[in-house]
Amino acid sequence: MRPDSRIYIAGHRGLVGSAIRRACTTRGFTQLLLRERARLDLRDPAAVHQFFTTERPEYVFLAAALVGGIHANDSRPAEFIRDNLLIQANVIDAAFRHGARKLLFLGSSCIYPKLAPQPLREESLLTGPLEPTNEWYAIAKLAGLKMCQAYRRQYGFEAITLLPTNLYGPEDNFDLESSHVLPALIRKIAVAQATAAERVTLWGSGTPRREFLFVDDLADACLFLMEHYHDEQPINVGWGIDLSIRELAELIAAVVGFRGAFDLDASRPDGTPRKVLDVSRLSALGWRPHVPLRVGIEITYDWYRRNAASNPAVSTAP
Ligand SMILES: NC(=O)c1ccc[n+]([C@@H]2O[C@H](COP(=O)([O-])OP(=O)(O)OC[C@H]3O[C@@H](n4cnc5c(N)ncnc54)[C@H](OP(=O)(O)O)[C@@H]3O)[C@@H](O)[C@H]2O)c1
């Protein structure tokens, strides 16, 4: 990529898209093509083709998708499979038809089979049943991965697929009904601290183990792989280190300064027992994350506090 390359960041206002935008700006890329959903609904094939006809992006970061936590996936299956299938099919096809040089597609570690051996190796994909609570989203993402491979095989189109672990950071979604576990815990524990509550409730048993990557590290990996990765095989992006939901809650409590107790709500689903990535393929390419979990949580909590007042989705109200 040259400093004046035409770079389209689909979903530039989201958690990942905004981090890729920050990384591109910091690296001096001057031709960023950005469209809010209100101007370009990526579910609309004609609008997507018109955008590519007019703007002719050379590089595409496909960070637009319908994303959410366990509850959102479980309660809105039709939207999660439809929107993601439409968004990725429209953008991947238009990028190819309008001569883009390379497209980077974002899958997710939740597309691995529920009981695949841990840590999760890319070879385990499609070797067993998926986690039921997010299978609609996972099936759509698997179709996106396969579409990238198919376009590469039939047309020689340079599309790559990244499989990031759970991400967190500035611009995350803190809405308790639709967010992921880490931002939900930051909000719950911050509210408890602000209202002098003595107890916070965790969903499930607290024992599931998860891995977390600071989103600016992922953006760094996206730019690295856009330059240096040219294979049809998807590639994991993460630390390869996990912790339990209980340990995560205690770490966030330490950052926030909350000294109360945690209750467990067993009526809520745990999801997959463990989800940690094997990152040896990415390490072999020479890339490593930089932001340790505690530091990332401190930065995210600071962003949450500074934005709680101005952003309705990020409020301290219980
Ligand atoms: N978050 C994670 O933990 C995680 C982990 C692994 C992989 N990923 C992958 O990373 C990618 C980005 O996820 P994220 O966490 O950044 O999600 P996000 O914060 O919800 O951002 C998604 C972006 O997509 C845009 N978008 C959604 N539907 C659209 C449509 N119909 N037309 C145009 N734009 C649309 C949204 O626009 P608005 O701003 O208008 O809503 C938003 O800017 C996804 O492919 C996801 O699978 C995420």
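The values are calculated or read from the model by the stated rules, or taken from the named source; none is laboratory data. This is a predicted model, so every value here is computed, not measured. Cβ: placed from backbone, ideal geometry, glycine included. Neighbour counts: every protein chain shown. With ligands, DNA and RNA removed, areas are computed over all heavy atoms of the protein, side chains included. Shrake-Rupley method; radii C 1.70, N 1.55, O 1.52, S 1.80 Å.
Structure values in brief
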| item | result |
| --- | --- |
| Subset of segment 259-282 that is open to solvent by less than 40 Å² (accessible area, probe 1.4 Å) and not in a strand (DSSP E or B) - its residue that is nearest to E211 (Cα to Cα) | V276 |
| Filtered residue count, segment 231-245, keeping only those that are of a type in the set (G, A, S) and open to solvent by 20 Å² or more (accessible area, probe 1.4 Å) | 1 |
| Yes/no for A253 being small (G, A, S) and either in a strand (DSSP E or B) or under 30 Å from F157 (Cα atoms) (or both) | no |
| Residue among L163, L130 that is under 19 Å from R210 (Cα atoms), open to solvent by less than 40 Å² (accessible area, probe 1.4 Å) and either in a strand (DSSP E or B) or among the small types (G, A, S) (or both) | L163 |
| Condition check for R101: under 26 Å from Q154 (Cα atoms) and touching an Asp or Glu at 6+ places or on another chain (Cβ under 6 Å) | yes |
| In segment 96-111, the residues that are in contact (Cβ under 8 Å) with a residue 60 or more places away in the chain and either within 9 Å of the ligand (Cβ to nearest atom) or under 16 Å from H12 (Cβ atoms) (or both) | L104, L106, G107, S109, C110 |
| Selection from segment 1-28 of residues that are among the hydrophobic types (A, V, I, L, M, F, W, C) and in contact with an Asp or Glu (Cβ under 8 Å, 6 or more places away or on another chain) | M1, I7, L15, A19, A23 |
| Any pair with Cβ under 9 angstrom, 6 or more apart, that starts in segment 264-289 at a residue that is farther than 23 Å from A116 by Cβ and ends at one that is in a loop (DSSP other than H, G, I, E, B) and open to solvent by 60 Å² or more (accessible area, probe 1.4 Å) | R288/W239 |
| Looking only at segment 166-223, and only at residues there that are among the β-branched types (V, I, T) and open to solvent by less than 10 Å² (accessible area, probe 1.4 Å), the one that is farthest from the ligand (Cβ to nearest atom) | V200 |
| Positions within segment 144-158 being touching a helix residue (DSSP H, G or I) at 6+ places or on another chain (Cβ under 6 Å) and either within 14 Å of the ligand (Cβ to nearest atom) or without any contact (Cβ under 8 Å) to a residue 24 or more places away in the chain (or both), in sequence order | G144, M147 |
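Matching residues to (1) in a helix (DSSP H, G or I); (2) under 18 Å from the mean Cα position of the chain (by Cα); (3) modelled with pLDDT of 95 or more; (4) surrounded by fewer than 23 Cβ atoms within 10 Å (Cβ to Cβ):
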{"site": "C110", "(1), (2), (3), (4)": "yes, yes, no, yes"}
{"site": "K114", "(1), (2), (3), (4)": "no, no, no, yes"}
{"site": "N134", "(1), (2), (3), (4)": "yes, yes, no, no"}
{"site": "Y137", "(1), (2), (3), (4)": "yes, yes, yes, no"}
{"site": "A140", "(1), (2), (3), (4)": "yes, yes, yes, no"}
{"site": "G144", "(1), (2), (3), (4)": "yes, yes, yes, no"}
